[in-house]
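For reference, the structure is listed below as structure tokens.
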Amino acid sequence: MSENLNIAFIQADLKWEDINANRKLFSEAIEKISNDVELIILPEMFTTGFSMNAAELAENTDAETLSWMREMARKKSAAITGSVIISENGNYYNRLFFVFPDGTYKLYDKRHTFTLAKEDETYTAGKARLIIDYKGWKICPLICYDLRFPVFSRNTVDYDLLIYVANWPKKRVDAWDALLKARAIENMSYCVGLNRTGEDGDGYIYNGHSAIYDPLGKEITPLHREEVFTEEISLNKNYLKEVRSKLKFLQDRDTFNLSDE
């Protein structure tokens, strides 16, 4: 088990529906990340932006972007995660891949499709939450709109790190800020929210506000930055254990049963 987990997240201005340009953008950003980083986090739909044009943009699981993620993970000896548009068995998915340094991977399909943008009419919703065991850390990666549904992220398995990758627009960024902090506090875990910047092809503007909160809800990254940047930070497992040992709030949590409906 590693006491510290060194992570990097890349807040970027995504090129609208341009898979090759975005892979190039992130290749260059990842190249500059230090060799101490153990986990690299990319935004939601990081190759396209939040597009409903799945018929034109979807890749198969064995297509180039996953291969690219596996190559980057091996090259940097670090895990890498982010979501892309995937076609499988006649359905489209907003699918997050968590790729380990050896090239193996796990996947999570976005559970809560964003009905306001009619994402539910294009993409099939996932059914199950994913918990990753990586370097002695339990990690729960989720996607954007999932942030609004606290029961789904409820920390019933004592995970250590909650991750949200997103395309969350400026007009609702106050909710993003508040909910990230709330998810950290209520689950007594580190919480990472990675958003994008810039303007997409549908005219939506994104102003970043990517952040990391500790298990007490304290932001441990520079406050609400709106520019393109890469942030590297070390999370401490002993601190997490100390907080949970002193403040035993998770012992009083309620039990919920989720259905697939």
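The values are calculated or read from the model by the stated rules, or taken from the named source; none is laboratory data. Note that this is a predicted model, so its numbers are computed, not measured. Because the Cβ atoms are built from the backbone with ideal geometry, glycine has one as well, and the counts that use them run over all protein chains shown. Surface areas here come from the heavy atoms of the whole protein model, side chains and all, with no ligands, DNA or RNA. Shrake-Rupley method; radii C 1.70, N 1.55, O 1.52, S 1.80 Å.
Before moving on, here are some points about what is shown:
- The stretch 54-177 - convex hull of alpha carbons, volume per residue in Å³: 124
- For the stretch 158-261, a simple Cβ point-charge model (Lys and Arg +1, Asp and Glu -1, everything else neutral) yields a dipole of about 420 debye relative to the Cα centre.
- Taking 19 Å as the cut-off, the amide N atoms of the stretch 187-210 that come nearer than this to a point 7 Å along the Cα-to-beta-carbon line of Asn236 belong to 188-192.
- Ligands, DNA and RNA are left out, and with a 1.4 angstrom probe the accessible area of the stretch 109-234 is 39 Å² per residue.
- Antiparallel DSSP beta bridges within the chain, percent to nearest 5: 65
- Cβ charges +1 (Lys, Arg) and -1 (Asp, Glu), total dipole of the chain, debye: 780
- Listed peptides 28-37, 6-15 appear in the order 6-15, 28-37 once ranked by packing, highest mean of other Cβ atoms within 10 Å at the front.
- Ranked packing of 59-67, 133-141, most packed first, by mean Cβ within 10 Å: 133-141, 59-67
- When Rg and Dmax are taken over the Cα atoms of the stretch 167-218, they come to 12.0, 37 Å.
- The sum of -39500 (n - 2.57) across all DSSP H runs of n ≥ 4, divided by the residue count of the chain, sets its helix-only mean residue ellipticity at 222 nm to -6500 deg cm²/dmol.
- Between helix 19-31 and the chain there is an angle of about 40 degrees, using the helix long axis and the longest principal axis of the Cα atoms.
- Share of carbon and sulfur in the accessible heavy-atom surface of the stretch 120-261 [1.4 Å probe, %]: 49
- Over the C-alpha trace of the stretch 185-245, radius of gyration and Dmax come out as 14.3, 48 angstrom.
- Other residues lying with their Cβ under 13 Å from the Cβ of Ser87 contribute a combined charge of -4, Lys and Arg counting +1, Asp and Glu -1.
- Look at the dipole of the chain built from charges on Cβ: of Ile7, Pro215, Phe229, the Cα furthest out on the positive end belongs to Pro215.
- Protein heavy-atom accessible surface, 1.4 Å probe, per residue over the stretch 1-101: 39 Å².
- Debye intensity ratio I(q)/I(0), log10, the stretch 1-113, q values 0.18, 0.19, 0.22 Å⁻¹ (C-alpha model): -0.87, -0.96, -1.26
- Using alpha-carbon coordinates, inclination of helix 64-76 to the longest axis of the chain, degrees: 50
- Calculated log₁₀ intensity ratio I(q)/I(0) where the Debye formula runs over C-alpha points of the chain, q = 0.11, 0.12 Å⁻¹: -0.54, -0.66
- Of the residues His209, His224, His112, the one that moves most in a GNM of the chain with alpha-carbon contacts below 10 Å is His224.
- Each of Thr156, Asn167, Val192 was scored by the projection of its Cα onto the charge dipole of the stretch 155-195, and the greatest displacement toward the positive side belongs to Asn167; charges sit on the C-beta of Lys, Arg, Asp and Glu.
- Rounded tilt (10° steps) of 173-187 against the dominant C-alpha axis of the chain: 40
- Separation between Cα centres of the stretch 190-261 and the stretch 70-90, rounded to whole Å: 21
- Each of the peptides 191-197, 74-80, 228-234 was scored by the mean count of other Cβ atoms within 10 Å over its residues; in descending order, highest first, they stand as 191-197, 74-80, 228-234.
- A simple count of charges around Ile143, restricted to other residues whose Cβ falls under 10 Å of its Cβ and scoring Lys, Arg +1 and Asp, Glu -1, yields 0.
- Average projected area [Cα convex hull, the stretch 137-204], square nanometres: 4.6
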